[in-house]
Every structure is written in structure tokens, then in C-alpha cells.
Amino acid sequence: MRTVVAAILMVIAGVCGAEAQQIDADTCAVPGYMLFGDNLLQRVWAAAKANHLKIVVFGTTSSTLAGSETSPDAYPARLEATLRRLLPGLTIDVVSYAKPRQTAERMVKGFDKVLKEEKPILAIWQTGTYDAMQGVDPKEFLLSVTAGVEKLRAAGVDVILVNMQYNPRTENILAIEAYSENLRWVARERQVPLFDRFAIMRNWNDSGAIDLFAATKDIAIAKRVHECIGRALASLIIDAGRLGAVEGKTPQ
Amino acid sequence: MSESSALALPDNERTGKTADVSMSSADASLDVAGLDRSRAKRSAPERSIAAAPVMSGKRDLRLDLFRGLALWLIFLDHIPSNIVNWVTIRNYGFSDATEIFIFISGYTAAFVYGKSMRERGIVIAGSRILRRAWQLYVAHIFLFAIFMAEIAYFQSSSVNPVYAEEVNALDFMQRPDETIIQALLLKFKPSYMDILPLYIVLMLLFPPILWLLQRSATAALGLSVILYAFNWHFGWNLKSYPAGEWFFNPLAWQLLFVFGAWCALGGAERLSKVLRSRVTMSIAIAYLLFAFSIAMTWHFPRLRIFIPLWLADWMYPIDKTNLDVLRFAHFLALAALTVRFLPKTWPGLESRFLRPAILCGQNSLEVFCLGIFLSFAGHFVMVEFFHGYVMQVVVSITGVLIMIAVAALISWYKSSERGSGPPKRAPDADLAGGQV
């Protein structure tokens, strides 16, 4: 059904925000099948009608940039900027709770407080990397993620799961397959969208859009990756929340 | 004992020399079990495997062939993002090269040490098995040292800020005391270094298993199945450091090892009627086709809509850690087809073309370690210097060629050692010691 390539959406994004962005839309293009699925964000859709969309990001260091979760260049901030640009009629807030060294289990323990304070509509939950590093039992990881998704759902919050980054250097050091498989499994079981960051970043690398092999301390590539992740997440939210229809724009 | 006589080796070697033979030289002769001929014949200039007549009592070259192939596949699978990985079997079904490796290792362990246990008793055979476990342990620690060197390099080289998290995670270098001790205890195992620790534990448990297998093969296999079933239910596993449990749960994977050993000690003969039946063949083929179609949905996500939800619910996740039944069944189906269509007497086994794989299979510990090292090195070259499809193919082919060359060298070395009289103190004890 959604065979259209997200590039179309990216082009819209590029046109709308042309003045502020030097990164051209093609860089961030993602094949539609990697981004869009059948799982909808019902609460996002309902909240959009009420004109306010509050999003929280749970995650670890890879959801931050230069060690700061409030960095204006990290993907949560880029997501906020993109959504504001694309959905000018809505009040949009993205708050990041990314902290280093958090297993899924640990993050779930912090959910209650954040839910109470922020009352979000949507939670973007990036997890798995630290669990893989610690060698947490994949089954326990599966249980933690399931419990977390249930907790968020029970609080009336939509969920998007985000998996690991594609990193050619640590590919044979950090075995992430079991964890990413489990994330995919929970996403399917609980019918929540999965933002397949691994496949998407790898696609950017393989297409030559972003060189992830580069051995550089320069932050430019990191900024570009986060910008593109922010935009792709925005496309996913608009699609799965059917906000395109709300705004009179549809990805098709 | 009728089943063991079917697989018994032509007696040689140990009937002639007995107590005066040092452990290592005895093992050096063990490792050619079935391949070597009488002492008189061994002095003949040609000692190639091809010259050995294939008969029921001879070593089954299919074992060496498939273990060699499994070693190549393990090497390829350990280089991530490698286009050549498309040839490996894990992409076309549930099981992968690990199953082949563990099964054949169980088979050869029973074959070699079973003979030793019958002839010289449980103490001698048991200590040989433990000696083998020690060699595996040393090999594992050696690989660990190489792995740590690679990590240390990555940490000190310039790192893209986008990967701050992954690099911080490698900070076990910051507390070497704990890391190294935990590695020595086999609790800290970097990823892709899980197979040898599994193998070590299986070998440590093997003396009593082998003893029971020789008393009552059925009872031993039954116990193994029961342990597997209990483990499935209770989820026992060994602990890892810093968290979690073993990636290959020995309590589950023992099933494949013991099953291999059982087959070697007559089980294969007992199964032959079942294996010949059309029903078995049809089930095996149908199951392989099913696994193949499921595997296609991993590569082409669009095909996923054809998998009904109830099937996915029942099937996933396919648990590698605990040797999922689906994986075990997939291996059985593959093995059944292989045994059926590739008889032991197939002349192709003697051909030059299969010789490289057979050579690798006959020196499995050395070639396995080399393969793990080469996969690190190949990945390192691809990441740091050249990447792209051409490089992936070059690295993969070069790696396999190096494995073959080293295997040939080791075989030549072992045979020249044997040719130069009984080595009282074999300097290459670790290299030559058994090829289980």
C-alpha cells in the first residue's frame, strides 16, 4: 500500500525548510518500506485534532549529541524542528530524556515520573545498544521492552521503538542481532511502529549519502545523521499518525 | 558392541606401542584415527588420504568435508556486512554452520575417544578429553588477546562523534583487572567468541557422557533429551560477565553434541532404515522448503504479509541461545538429505576439488582459530582501509585460501612428524594433539 518512497516527503520537508537547512533533502531519503508500516499512532492522531502534540524521547547516548540531550543538533531537537515546520497548525514539543548507560529495564523504571510530569502523547523509545554492550540476556531484554511498551500504552501514550545505530567499526565487536530481533518482535506483537535506525543508517551509507566509515572526530557527519534521523522520524510520525490527512498533505 | 565394530578403525598404532608412548604422541596418532595405516605402510612415501580405500571401518570423509565447509562459513559469517555472506546457509533456513560444527565435533569426539576408552579405559580416555579441553581453552585465550588488541586500537583511533555510545561501551579496557579475570573464567566473552567456550564445556562434560554412551547409547541420548527439555522449561544457563548469560547455552547445545556422539557409536546405523524411508525424505524436504520460504521473508520484508499471525506467534523468536527446536529440526532435515544423497562411498570425496575443505576439516581447531582471527583482520582491513563489494569478495576469498594453505601446512607437518619416528617429546603437542 505505501509504496511511495519517503523521498517525496523529504522533498516537501526540504522545500518547506529550505532557508534554514544546508543539508539537501536527497541526503536523508529513505526507501518507504524501511520507514512506513501498518501500525498506526491512534493517540497522536487524536491529539493532533486537539492541536497539541507532546513527545518524549527515552534513550541513551546515541539519542544525544556531544553528550548533551538538549543539543539543538541531536535528533530529538531536529524532529521537533521538522514537525513544527511541516505541521504549522500544531503546538509541538519534543522533550528528550536520553541518558547514558541505561538498559531497557532501567529506563522503564524511570517512565512513571516522566509520564506524570510531561503527560506526553507519544514516546519515542530508543533502546538496545547498552543492553547489547552489557550482554543482558536477550530474553530479559524482550521482557523489559514488552513491559515498557505496556506501561506506556496503559498511560495512554503511543510508542515508537528505535533500534541501534549502524556502526561498521563495532559490527563485529557488538553483537546486536538478538536485541534488534527482539525489538522487531515486540513492535510486531504490540503493533507499535519500529524506526529501524540500523537499516536506515546503513542505507544512507550504502547509497553514498553519508559516509559512516569515516574516521573523523569532526562533528559534521554526526550532525547530518541526527538531522536526517529527525526528519525520517517526522515522516514516520506524520504517516503513522495520519497527520498528513489532518494537514491536508498525504505522503501518497 | 556390534554397532561400534561397524565403525571400528583398522587396528594399528596403539596395539604395537603401549605404555611407553607419551600422552602427546598418543594423541598425535589419535588425530589421524581412521586415516593412518599400519606402521609399515606409514613408512611408504605416499600417505595421502586419497590413497586410503574408503570402507565402512574408515574415517568418514564426509565429516571432514562438512566440518571444513562449516569452518569456512563460520569465517564468512563472522565478517559482518559482507556480500559473500549470501552464500552461507543461515540465509536460507533456520540453522547455520554452528549446528554442523557442534554435531560433527560430537561425532568425531565419540569416534576418537570412544575407541580410546574401549581400549585403555575411562581414566586414559578421560584425561585425553580433558587435555583436549585445555587446548581449546588456551586457543580461546589466545583469540581473546587478539580481540583485545583490536578493541584497543579502535579506542585509541579517531572516533566519529556519532558513535560516542558504542565507543564508551568498549570501556572494559578501563578495568583490565576484572575484564581479564572474567575472561579467564570464560564469563566475559566478546561477541563472536562464544563457540569455543561452548565446546570447552561440552568437552569437560564428555568423559561421563561417553562412558554412558558406551554402556547404553539410548540411555545417554535419552538423558540428553531430558536435560534439553528441562532446560527449555526452566531456562537454566551459565552466567556471563558483565551481565546476562551464555550466548550458546551448553545445557541446550549439548543435545546436538551428544546426538553426534550417539550417531558415531552406532546410532547412525540404527537410523539408516528411517533415513531411507520416503516419508522421512518427504518430511525433510517439505520442512527445508518451509524454512527457506520463511528465510526469504527476512530478506524481503514485503513478503512478511504472507506469514499468518498465528504462525509468526508460534514460530518467533527463533532462539539460538537455547538451540530452538526449529533450528535443531532444520539441522536434522539437512543432515538426513545429506546422508541420503551423499553416500560415504561417493568417489567425489576423494577428488582434488573437495580436498581443500577436507584438509580444513581435519585440522579443525587450528583452522577454526585462524578463521576467527582472519575474520577480525579482514573486518579491520575493510573498515580502516578499503571497503566496498570488491574488497569484501577479495577479503573473503583470501581468507579461505589462507585457511586452506595453513591446513595443508599443518597436515604436512603432522605427517612428517609421524614419519620421523615416534616423537617421545612432541614439540608440537598442542598443534598436533587430536583433531576433534
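The values are calculated or read from the model by the stated rules, or taken from the named source; none is laboratory data. Model, not experiment: these values are computed from the prediction. Here the Cβ positions follow ideal geometry from the backbone for every residue, glycine too, while neighbour counts run over all protein chains shown.
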Counting residues that are within 26 Å of B:R270 (Cα to Cα) and more than 14 Å from chain A (Cβ to nearest Cβ), which helices (runs of 4 or more DSSP H) fully inside segment B:300-391 reach at least 1?
B:325-341, B:355-362
Name the one entry in A:L115, A:L143 that is within 14 Å of another protein chain (Cβ to nearest Cβ) and in a helix (DSSP H, G or I).
A:L143
Can you find even one residue in segment A:76-88 that is within 18 Å of B:E165 (Cβ to Cβ) and outside any helix (DSSP H, G or I)?
no
Contacts under 9 angstrom Cβ, first residue in segment A:227-245 being at positive phi, partner surrounded by fewer than 24 Cβ atoms within 10 Å (Cβ to Cβ), 6 or more apart:
A:R242/A:L40; A:R242/A:V44; A:R242/A:W45; A:R242/A:T250
Quick one: is B:Q174 surrounded by fewer than 14 Cβ atoms within 10 Å (Cβ to Cβ), of a type in the set (S, T, N, Q), within 14 Å of another protein chain (Cβ to nearest Cβ) and within 30 Å of A:K99 (Cα to Cα)?
yes
Lone unmet requirement of (1) part of a helix (DSSP H, G or I); (2) surrounded by fewer than 23 Cβ atoms within 10 Å (Cβ to Cβ) for B:Y241
(1)
Would it be correct to say that B:A264 is among the hydrophobic types (A, V, I, L, M, F, W, C) and crowded, with 21+ Cβ neighbours inside 10 Å?
yes
Write out, first by first residue and then by second, each pair whose Cβ atoms fall under 7 Å of each other, whose residues are 6+ apart or on separate chains, and whose first residue, in segment A:159-174, is facing chain B (nearest Cβ under 7 Å) while the second is part of a strand (DSSP E or B) and surrounded by fewer than 21 Cβ atoms within 10 Å (Cβ to Cβ).
none
Inside segment A:204-220, the number of residues satisfying the requirement of being in a helix (DSSP H, G or I), surrounded by fewer than 18 Cβ atoms within 10 Å (Cβ to Cβ) and hydrophobic (A, V, I, L, M, F, W, C) is 1
Limited to segment B:85-118, what total is found for residues that are in a helix (DSSP H, G or I), under 30 Å from B:I294 (Cβ atoms) and under 12 Å from the mean Cα position of the chain (by Cα)?
11
Any residue at all in segment B:291-309 that's out of contact with any helix residue (DSSP H, G or I) (no Cβ under 8 Å at 6 or more places or on another chain), farther than 23 Å from A:Y33 by Cα and either at pLDDT 95 or above or of a type in the set (K, R) (or both)?
no
Of all residues in segment A:147-157, which are surrounded by fewer than 20 Cβ atoms within 10 Å (Cβ to Cβ) and either within 12 Å of another protein chain (Cβ to nearest Cβ) or assigned to a loop (DSSP other than H, G, I, E, B) (or both)?
A:A155, A:G156
Within segment A:175-199, track down each residue that is part of a loop (DSSP other than H, G, I, E, B) and facing another protein chain (nearest Cβ under 9 Å).
A:A175, A:I176
Can you tell me which of B:L186, B:L143 is in contact with a Cys (Cβ under 8 Å, 6 or more places away or on another chain) and within 14 Å of another protein chain (Cβ to nearest Cβ)?
B:L143
Looking at (1) modelled with pLDDT of 95 or more; (2) more than 22 Å from A:W45 (Cα to Cα), which is the one condition that is false for A:Y130?
(1)
Among the residues of segment A:121-133, which ones are within 15 Å of A:L161 (Cβ to Cβ) and not in a helix (DSSP H, G or I)?
A:L122, A:A123, A:I124, A:W125, A:Q126, A:T127, A:G128
Candidate set from segment A:14-70 (those that are modelled with pLDDT under 85 and within 14 Å of chain B (Cβ to nearest Cβ)); member that is surrounded by the most Cβ atoms within 10 Å (Cβ to Cβ):
A:E69
